[in-house]
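Notes follow once the structure below has been shown.
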Amino acid sequence: MAFEHYLRSGSQLLRCGFTTGTCASLAASGAAQFLLTGTAPSSLALTTPKGLTVEVEPVFCRMEGGRAICAVRKDAGDDPDVTDGLLIVASVGKTDQGIRIDGGAGIGRVTKKGLDQPVGAAAINSVPRRMIAFALEAVCIEAEYEGGLDVVISAPEGEEVARKTFNPMLGIEGGISILGTSGIVEPMSEQAIVDTIELEIRQAAENGAKNLIAVPGNYGLDFLERQFPLPVDFPVVKCSNYLGETIDIALTQGMQSLLIVGHIGKLVKLAGGIMNTHSRMADCRRELFCAHAALCGADSALCRALMDQATSDGCLVLLESVHLKDAVLCSLLQAMQQHLDRRTRQAMRTGAVVFSNEAGLLGMTETAEQLLKEWSSETI
């Protein structure tokens, strides 16, 4: 039973898929049902955090040494996801109380600080952990079972697949991560995404807009709403990783100004002139932090420590500990502005605002500050 939910992207309809977190939750639910009722379920279903229901047939359910084992196959829809088709397996056994979640074969282990889980933990992120726990609690209630459950998530081919990802670089060793915040994989057809960006900007221009905000994704949207309340009809476009294309399109559609609002983990790449921020195109986050820290007086030991960080947030924490955070951010923002001006040939005013989930607003380029002051007193 294929997951039949589609998104229009430009002139195409692309089929969505579901995350490894959804697979793990479904598999855990199936194993728990078998364990507590003695009957292997013929289908499994759950409602994802996004509100969409996913229903699948388990690949198998069986008993092994007092534990129930259930497997679900990952379906990435039309997204070019390396985990598409991967088996996600849950092994569930009884305990005295509570729900314990761990990773088994093919699931990575966290080896560096700054990730969603602490060092030593299985790379099963927070939202999937909550989804798994919720699914198991529902089964326990249905079966009138008052004891605890122990679940181990595994992926038989996970270690091999993980070599095709950035997990080893990020500090996740031995397998894949169990990920997902919405439970749903939205397809990423590159040309379709660029076409959609162009359509949205063209529509804004046709409605008379001369000023535009671009955000890579939902984090940027949420931050924008909290930090910079603007008129409800102010045009905001999701640009994903395609910052360069968004700038070019805005120029050709006659925009006078463009503000890019994004997480430091993406926008720091602008300081290196990187206009497609997808990790498979380029990374250089640590290298950029390191280079600008050196410009601000960091010694070689600090530079090496920055290169060992797994995330941009980790770099910021380290820089703050030696009182270089503000100086390095200022240097990075100046470099971002230079590359933005070079891309537009100064034919359009373009600035950037950066934030982190931990620290909130981190700073903005000079042009961004000017634009926000002007916009706060205007209605487009």
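One table, with the values for the structure above:
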| quantity | calculated |
| --- | --- |
| Residue-averaged [θ]222 nm for the chain, counting only DSSP H segments that reach four residues, each worth -39500 (n - 2.57) | -11500 deg cm²/dmol |
| Ranking of His323, His292, His5 by count of other Cβ atoms within 10 Å, fewest first | His323, His5, His292 |
| Relative contact order [Cα under 8 Å, 6+ residues apart], the chain, whole percent | 15 |
| Convex hull of the stretch 63-121 built on C-alpha atoms - directionally averaged projected area, nm² | 6.0 |
| Other-chain or far-sequence residues with amide H under 5 Å of Arg67's (modelled H) | none |
| q = 0.09, 0.11, 0.12, 0.20 Å⁻¹, the stretch 6-185: log10 I(q)/I(0) [Debye, one scatterer per Cα] | -0.30, -0.44, -0.52, -1.35 |
| Sequence of Thr95, Thr48, Thr365 once ranked by neighbouring C-beta atoms within 10 Å, starting from the fewest | Thr95, Thr48, Thr365 |
| Cα Rg, Dmax, the stretch 190-375, angstrom units | 16.3, 54 |
| For the stretch 67-73, 3J(HN,Hα) per residue [Karplus equation, 6.51 cos²θ - 1.76 cosθ + 1.60, θ = phi - 60°, Hz, x = Gly/Pro] | 10, 9, 10, 9, 10, 10, 9 |
| Bins of 10 Å, starting at 0 and running to the largest distance - Cα pair percent for the stretch 210-258 | 25, 55, 20, 0 |
| In Hz, Karplus ³J(HN,Hα) per residue of the stretch 44-60 (6.51, -1.76, 1.60; θ = phi - 60°; x = Gly, Pro) | 10, 8, 8, 9, 6, x, 6, x, 8, 8, 10, 10, 9, 9, x, 5, 7 |
| Residues Lys266, Lys238, sorted so that the one with the fewest Cβ neighbours within 10 Å comes first | Lys238, Lys266 |
| Spherically averaged projected area of the stretch 191-277 from its Cα convex hull (nm²) | 5.5 |
| Cα convex hull of the stretch 1-99, projected area averaged across orientations, nm² | 7.2 |
| Rg/Rh for the stretch 112-240, where both radii come from Cα atoms and Rh is the Kirkwood radius | 1.10 |
| Debye log10 I(q)/I(0) at q = 0.15, 0.22, 0.26 Å⁻¹ for the stretch 335-380, Cα point scatterers | -0.45, -0.81, -0.94 |
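Read-outs: derived from the displayed coordinates by stated rules, not from any lab. This one's a predicted model, so the numbers in the text were calculated from it and none came from an experiment. Counting neighbours? That spans all protein chains shown, and the Cβs are built from the backbone with ideal geometry, glycine included.
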